[in-house]
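Quick notes on the structure that follows.
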Amino acid sequence: MDDREQAHRLDAADPLAPYRDRVVIADPEQIYLDGNSLGRLPATTADRLHRAITEEWGEGLVGSWAHWFDIPRTVGDLLGTTLLGADAGEVLMGETTSSNLYKLAAAALDARPDRRVIVTDDDNFPSDRYVLEGLAHAYGHELRMIKADIDEGVSVDDVRAAVDDDVALVSLSQVAFRSGALADMEAVTSVVHDAGALMIWDLAHSVGAVPIDLHSAGVELAVGCTYKYLCGGPGAPAFLYVAGELQSQLRQPIWGWFGQRNQFEMGPAYDPVEDISRFAVSSPPILGAYAAEEGIRLIAEAGLDRLRAKAIALTSYLIELADAWLTPHGFRLASPRDPTRRGAHVTLHHPQAWQICQALIDRGVVPDYRTPERLRIGPAPLYTRFIDVYDAMHRLREVMEQRVYIDYPVEQARVT
Ligand SMILES: *Cc1c(COP(=O)(O)O)cnc(C)c1O
C-alpha cells in the first residue's frame, strides 16, 4: 500500500492524463483538491476572453449584439446536448444557480396553485434552502424538510415519505455539496412526478463530474453552475433547463425584456416568447458565457464516461489511503463508501478538521473545510493525478503523525 510507484503506474495508464496540460497549473508544487469549488483555468480561456474583449467589444461595439444575443442559447445548447442529455433549446445560460432556482421554483409553484407544500432536505446547499424558505414565506406555503443523513444523502424512501397530494414542488441536489452523496435521480423524479408535484434538480456539484441524462431520467427542471467541474471561472453564468413540453406552461416571476416577444418593439406589456428564452430576464453575461463555453468544450471533449471512471478510481484510491493511514488518527469517512453512490469528491470527518485543513494548506495541499468537522477533498478528474492524491494523503498523514495541527488556532470556517 505504501507505494508511490503504484500512483505513478495509475497515472501512466490514465487516458485522461494529457488533459492536465489543457489547464493552467501556475504552481506545480501545489496540490489543488478544490476543483469542486472553483475549477482550474482552461488553457484557452484567457485568449478567448482577450479576443472577445478587443475584437467584439473594442472594435465591434454595439454591433456585436447581433451575435451576442444568441450566446445564452448556443452555449446552453452545447452544454445541454453534450453533458446533460437534453435537446437543443432546453438549456439557457445566465444569472446564478440561486437566481435560476428562484425563477424555476416560483414558476413551479404557480403551476400547482392548489398545493401548498415545498419539499427539500435539511442538508441541501444553504442557498437552495434559503431560496425555498423565502418562497415558502412569500407564498404562505409550508417548507417541509426531509431529515437527511449528512454522510449518506437523501434516499428514495426519504422522498417517498415526504410527498403527498399537497406537495407542489420538490427540490434536491443530485450530488450533496458536503458528503458528495449521489442521489438516485431517476427514481426520485418518478416518485415526485407520481405524486403530481414538480421536481427541480440542482446539478451544481454533479455537472461535468457525473454522466447526466435528463431525458432518460424523466427530469423536467434543473439548474446548475459552471464554475466548479466545468471550469467556467468566478462568476461564470449558471444555467437552467426546462424540458421542451413544459416550457410554454411555465412562467417565471421576473418579467424582464430578454424574455419578451419582439423585444425591440418595446411594447407596453409583458408578453413572453414560448420557448426557453421566456426564462431569460436581462442582458446576458457574454464574457462569462465565453469562459464557460471553453470549460464545457474541454469537459465534453474529455468525455463524461472517462471522467466518471477516473473520478471513481481517484476517490476510491483516496479512501483506500485514508483507511490505511488516517483511520488510526481518528478520521472517519463521511461520504458513501459505495462509489456508485457518490460524486467526484470525498469528505473525511475529524474533530480537529479545521486546524488540520489550515496545516495542510500551509503544506501545499488545498482541500476545503466544511462544517461540522469535515475535510472536503475534491480530486477533479480532468486534471488531478493519482500521484496528487497519494502525496496529499501522505502529507495529511505527516500532519497527523507530527501533530503540527495542534498549533493552529481553533477557528470557525468561512462559509464559501
Ligand atoms: C455551488 C452551488 C451553488 C452555487 O450557487 P450560486 O448561486 O451560483 O452562488 C448552488 N447549489 C449547489 C448545490 C452548489 O453546490
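The listed residues are Ala280, Ala291, and the only one of them that is closer than 30 Å to Asp14 by Cα and of a type in the set (Gly, Ala, Ser) turns out to be Ala291. Here Arg160 passes the criteria (1) among the basic types (Lys, Arg); (2) over 30 Å from Phe331 (Cβ atoms); (3) within 16 Å of the ligand (Cβ to nearest atom) except the one numbered (3). Look at the range 131-155: where a residue is part of a helix (DSSP H, G or I) and a partner is modelled with pLDDT of 95 or more and among the β-branched types (Val, Ile, Thr), sitting 6+ places away or on another chain with Cβ atoms under 8 Å, you get Leu132/Ile118; Leu132/Thr120; Leu135/Ile118; Ala136/Ile118.
Return yes when Leu143 is within 13 Å of the ligand (Cβ to nearest atom), at pLDDT 95 or above and under 29 Å from Gly94 (Cα atoms) and no when it is not. No, not satisfied. Within the range 347-388, the residues that satisfy the criterion of being within 25 Å of Leu298 (Cα to Cα) and touching a Pro at 6+ places or on another chain (Cβ under 7 Å) are Arg376, Ile377, Asp388.
Where helices (runs of 4 or more DSSP H) fall entirely within the range 257-365, those with at least 1 residues that are in contact (Cβ under 8 Å) with a residue 60 or more places away in the chain are at 286-302, 304-325.
Is it the case that Ile312 is in contact with a Ser or Thr (Cβ under 9 Å, 6 or more places away or on another chain), open to solvent by 20 Å² or more (accessible area, probe 1.4 Å) and within 30 Å of Pro237 (Cβ to Cβ)? Yes, satisfied.
Within the set Val24, Val62, the sole residue that is open to solvent by 30 Å² or more (accessible area, probe 1.4 Å) and either hydroxyl-bearing (Ser, Thr, Tyr) or under 30 Å from Ile361 (Cα atoms) (or both) turns out to be Val24. Close Cβ contacts (under 9 Å, 6 or more residues apart or on different chains) running from residues in the range 161-174 that are among the acidic types (Asp, Glu) to residues that are at pLDDT 95 or above and open to solvent by 10 Å² or more (accessible area, probe 1.4 Å) comprise Asp164/Ala195; Asp165/Arg115; Asp165/Ala195; Asp165/Gly196; Asp166/Asp114; Asp166/Arg115; Asp166/Arg116; Asp166/Glu142.
Quick one: count up the residues across the range 227-245 that are in a loop (DSSP other than H, G, I, E, B), over 15 Å from Arg73 (Cβ atoms) and either out of contact with any Leu (no Cβ under 8 Å at 6 or more places or on another chain) or away from the ligand (no atom under 11 Å from the Cβ) (or both). Working first, answer last.
Step one: of the range 227-245, the residues in a loop (DSSP other than H, G, I, E, B) are 227-238, 243.
The next check asks that each one be over 15 Å from Arg73 (Cβ atoms); those that pass are 227-236, 243.
Then drop every residue that is not either out of contact with any Leu (no Cβ under 8 Å at 6 or more places or on another chain) or away from the ligand (no atom under 11 Å from the Cβ) (or both), which leaves 230-233, 235, 243.
Looking only at that region, the number is 6.
Of everything listed in (1) within 16 Å of the ligand (Cβ to nearest atom); (2) more than 22 Å from the chain's Cα centre (by Cα); (3) of a type in the set (Lys, Arg), the single unmet condition for Lys103 is (2).
For the range 257-279, state whether one or more residues are more than 22 Å from Thr74 (Cβ to Cβ), within 16 Å of the ligand (Cβ to nearest atom) and modelled with pLDDT of 95 or more.
Residues of the range 257-279 more than 22 Å from Thr74 (Cβ to Cβ): 265-271.
Then drop every residue that is not within 16 Å of the ligand (Cβ to nearest atom), which leaves none.
No - not one qualifying residue is present in the range 257-279.
Within the range 179-201, being within 16 Å of the ligand (Cβ to nearest atom) and open to solvent by less than 10 Å² (accessible area, probe 1.4 Å) holds for Ser179, Gly180, Ala181, Val188, Met199, Ile200, Trp201. Within the bounds of the range 72-94, is there any residue that is in contact (Cβ under 8 Å) with a residue 24 or more places away in the chain and more than 28 Å from Gly303 (Cβ to Cβ)? Checked against the condition, which is being in contact (Cβ under 8 Å) with a residue 24 or more places away in the chain and more than 28 Å from Gly303 (Cβ to Cβ), the range 72-94 yields no hits at all.
Checked against the criterion of being in contact (Cβ under 8 Å) with a residue 60 or more places away in the chain, under 22 Å from Val156 (Cα atoms) and either within 20 Å of the chain's Cα centre (by Cα) or open to solvent by less than 10 Å² (accessible area, probe 1.4 Å) (or both), the range 224-239 contains one or more residues that satisfy it.
Does Ala217 satisfy the condition of being more than 16 Å from the ligand (Cβ to nearest atom), assigned to a loop (DSSP other than H, G, I, E, B), free of Cβ contacts under 8 Å to residues at least 24 places away in the same chain and not acidic (Asp, Glu)? Spell out how you get there, then give the answer.
On the way: more than 16 Å from the ligand (Cβ to nearest atom): yes; assigned to a loop (DSSP other than H, G, I, E, B): yes; free of Cβ contacts under 8 Å to residues at least 24 places away in the same chain: no; not acidic (Asp, Glu): yes.
It is false that Ala217 is more than 16 Å from the ligand (Cβ to nearest atom), assigned to a loop (DSSP other than H, G, I, E, B), free of Cβ contacts under 8 Å to residues at least 24 places away in the same chain and not acidic (Asp, Glu).
Residues in the range 97-113: is at least one among the aromatic types (Phe, Trp, Tyr), touching a Ser or Thr at 6+ places or on another chain (Cβ under 8 Å) and either open to solvent by 10 Å² or more (accessible area, probe 1.4 Å) or free of Cβ contacts under 8 Å to residues at least 12 places away in the same chain (or both)? I'd like the intermediate steps shown before the answer.
Of the range 97-113, the ones among the aromatic types (Phe, Trp, Tyr) are 102.
The next check asks that each one be touching a Ser or Thr at 6+ places or on another chain (Cβ under 8 Å); those that pass are none.
No, because not a single residue in the range 97-113 is among the aromatic types (Phe, Trp, Tyr), touching a Ser or Thr at 6+ places or on another chain (Cβ under 8 Å) and either open to solvent by 10 Å² or more (accessible area, probe 1.4 Å) or free of Cβ contacts under 8 Å to residues at least 12 places away in the same chain (or both).
The values are calculated or read from the model by the stated rules, or taken from the named source; none is laboratory data. Note that the structure is a prediction, hence the values are computed from the model and not measured. Glycine also receives a Cβ, built like all others from the backbone with ideal geometry; neighbour counts cover every protein chain displayed. Calculation scope for accessible area: heavy atoms of the full protein, side chains included, ligands and nucleic acids excluded. Shrake-Rupley method; radii C 1.70, N 1.55, O 1.52, S 1.80 Å.
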